[in-house]
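> Can you keep this structure in mind? I'll have questions shortly.
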Amino acid sequence: MGEFLYALIGEWGLGTPHVLGPDVGTGAALFLAARNPESVASVIVGSGGAAYPLDVSGALADIIAAPDLGLLQDFDARASVGAAVEAGAPKAEEPEVWEDYVSAYEDGRFAESARYVRAYPAELPVLGDLLPSITTPVLVMNAEHDELVPPSNGV
């Protein structure tokens, strides 16, 4: 995903942007900063799996450890993703934002997006080796009591 971000920055002619990559964007933004430091002015990341050995829990750990994506076949994006979005964009107050976010995960797209986090066990050791080479200013923010991604991921 870091290479995707690099290509996107070039394709959209963004120059040298400041990149905000929370949650699953953490790894992608850090890979971008490590491999293409000239492409970004700064990076803000956090609350995404970045520690190796892997340190995540709950549903995220279950998705990563599952033998395949079959457990997500009947995933109800409206209920599960909807509940998560509720804190930042309540359906009653911001129905368009809520609907846009939730509908993006319907029709099997949540299972497809899970492939990204399922790659953590292979990708995070590579990222760990690259972290010392990052020269781009990076701000890491993590919640003190994140139930899925503990503060140990504050690279």
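The values are calculated or read from the model by the stated rules, or taken from the named source; none is laboratory data. Because the structure is a prediction, the values reported are computed rather than measured. Using ideal geometry, Cβ is built from the backbone for each residue, glycine included, and neighbour counts are taken over all protein chains shown. The area values use the complete protein model at the heavy-atom level, side chains included, leaving out ligands, DNA and RNA. Shrake-Rupley method; radii C 1.70, N 1.55, O 1.52, S 1.80 Å.
> Looking only at residues that are in contact with a Gly (Cβ under 9 Å, 6 or more places away or on another chain) and part of a helix (DSSP H, G or I) in region 1-16, which one is surrounded by the fewest Cβ atoms within 10 Å (Cβ to Cβ)?
ILE9
> Given LEU54, LEU71, which one is open to solvent by 40 Å² or more (accessible area, probe 1.4 Å) and part of a loop (DSSP other than H, G, I, E, B)? Working first, answer last.
Numbers: LEU71 fails: part of a loop (DSSP other than H, G, I, E, B).
Criteria check complete, one pass: LEU54.
> Which helices (runs of 4 or more DSSP H) sit wholly inside region 83-141 and have at least 2 residues that are open to solvent by 60 Å² or more (accessible area, probe 1.4 Å) and hydroxyl-bearing (Ser, Thr, Tyr)?
Correct list: empty, since no element meets the threshold.
> Further, regarding this structure: Regarding SER152, is this residue among the hydroxyl-bearing types (Ser, Thr, Tyr) and either in contact (Cβ under 8 Å) with a residue 60 or more places away in the chain or surrounded by fewer than 12 Cβ atoms within 10 Å (Cβ to Cβ) (or both)? Spell out how you get there, then give the answer.
On the way: among the hydroxyl-bearing types (Ser, Thr, Tyr): yes; either in contact (Cβ under 8 Å) with a residue 60 or more places away in the chain or surrounded by fewer than 12 Cβ atoms within 10 Å (Cβ to Cβ) (or both): yes.
When the stated conditions are applied, SER152 passes them.
> Looking only at region 10-39, count how many residues are of a type in the set (A, V, I, L, M) and over 18 Å from the mean Cα position of the chain (by Cα).
1
> So VAL19 clears everything in (1) within 17 Å of ASP129 (Cβ to Cβ); (2) open to solvent by 10 Å² or more (accessible area, probe 1.4 Å) except one condition, right? Which one?
VAL19 satisfies every listed condition except (1).
> In region 61-77, what count of residues is obtained for those that are over 21 Å from VAL149 (Cα atoms) and small (Gly, Ala, Ser)?
Count: 1.
> Please work out if GLU147 is more than 17 Å from GLY49 (Cβ to Cβ) and either part of a loop (DSSP other than H, G, I, E, B) or charged (D, E, K, R) (or both).
Criteria not met by GLU147.
> Now for a different question. Considering each residue of region 28-46, count those that are assigned to a helix (DSSP H, G or I) and either in contact with a strand residue (DSSP E or B) (Cβ under 8 Å, 6 or more places away or on another chain) or farther than 17 Å from GLY128 by Cα (or both), and give that number. If you could, list the steps in order and put the result at the bottom.
Residues of region 28-46 that are assigned to a helix (DSSP H, G or I), as a first pass: 28-35, 37-39.
In the following step, the residues that additionally are either in contact with a strand residue (DSSP E or B) (Cβ under 8 Å, 6 or more places away or on another chain) or farther than 17 Å from GLY128 by Cα (or both) were identified as 28-30, 32-33, 38-39.
Selection size over region 28-46: 7.
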